[in-house]
Amino acid sequence: VQLQACGGGLAQAGGSLRLSCAASGRTFDRHAMAWFRQAPGKEREFVATISWSGGSTYYADSVKGRFTISRDNAKNTVFLQMNSLKPEDTAVYYCAANSFSTTRVTMTRDVDYWGQGTQVTVSS
């Protein structure tokens, strides 16, 4: 099972980036998926999660109103649209999946599969 994340890069404050995460080896169309991030010297933290159908989403307060998580189950892919980026959004972003939950996954201990991470750097 692989979660392949891409779309990271360098952006200016106020700019936008769109991350993608494609799953292979199994399908996650009946499971919640999420994005986490880890800044240098900090613990990995929750960013956003989406239910299996895409009908329910939940965000960390720090990104609410700026980031949007979505998914395309036909393509086994989850997305993270990041707008109004801030320097404090700089981190390695990881997509994640839970084998059992259909609604949300917000804690690292509940993650069964991790993507390899993609770097997002926001300059001021």
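Across the range 107-124, rounded Karplus estimates of 3J(HN,Hα) from the backbone phi angles (6.51 cos²θ - 1.76 cosθ + 1.60, θ = phi - 60°) give 10, 4, 5, 8, 7, 9, 9, 10, x, 7, x, 9, 7, 10, 10, 10, 9, 8 Hz, Gly and Pro being marked x. Ordering SER51, GLY7, TRP35 by Cα displacement along the dipole of the range 1-63 toward the positive end leaves GLY7 in first place; charges were set at the Cβ atoms of Lys, Arg (+1) and Asp, Glu (-1).
In the full protein context, the chain carries 50 Å² of accessible surface per residue, based on a 1.4 Å probe and ignoring ligands, DNA and RNA. Computed over protein heavy atoms with a 1.4 Å probe, the carbon and sulfur contribution to the accessible area of the range 32-124 reaches 47%.
Accessible area ranking (1.4 Å probe, heavy atoms, ligands and nucleic acids excluded), largest first, for ASP89, ASP29: ASP29, ASP89.
Could you sort ARG18, ARG109 by their accessible area in this structure, using a 1.4 Å probe and putting the largest first?
Values: ARG18 115, ARG109 180 Å².
So the residues, ranked largest to smallest area, are ARG109, ARG18.
Rounded to the nearest 20, the Cβ-based charge dipole of the chain about its Cα centre (Lys and Arg +1, Asp and Glu -1) stands at 120 debye.
Computed over the Cα atoms of the range 1-61, the ratio of the radius of gyration to the Kirkwood radius (Rg/Rh) comes to 0.99.
Sorted on the mean count of surrounding Cβ atoms within 10 Å across their residues, most packed first, peptides 10-16, 21-27, 45-51, 66-72 read 45-51, 66-72, 21-27, 10-16.
In terms of the mean number of neighbouring beta-carbon atoms within 10 Å, the peptides 111-117, 75-81 order highest first as 75-81, 111-117.
Taking a straight line from the alpha carbon of LYS64, these aspartates and glutamates sit under 13 Å away, with near neighbours fewer than eight places off in the same chain left out: ASP89. Taking the chain, the Cys residues with no second Cys beta-carbon under 4.7 angstrom are CYS6.
Over the C-alpha atoms of the chain, the Rg to Rh ratio, Rh being the Kirkwood estimate, stands at 0.94.
The values are calculated or read from the model by the stated rules, or taken from the named source; none is laboratory data. Computed from a predicted structure; not experimentally measured. For neighbour counting, all protein chains shown are included, and Cβ atoms are generated from backbone atoms with ideal geometry for every residue, glycine included. These area figures cover heavy atoms from the full protein model, side chains too; ligands, DNA and RNA do not enter into them. Shrake-Rupley method; radii C 1.70, N 1.55, O 1.52, S 1.80 Å.
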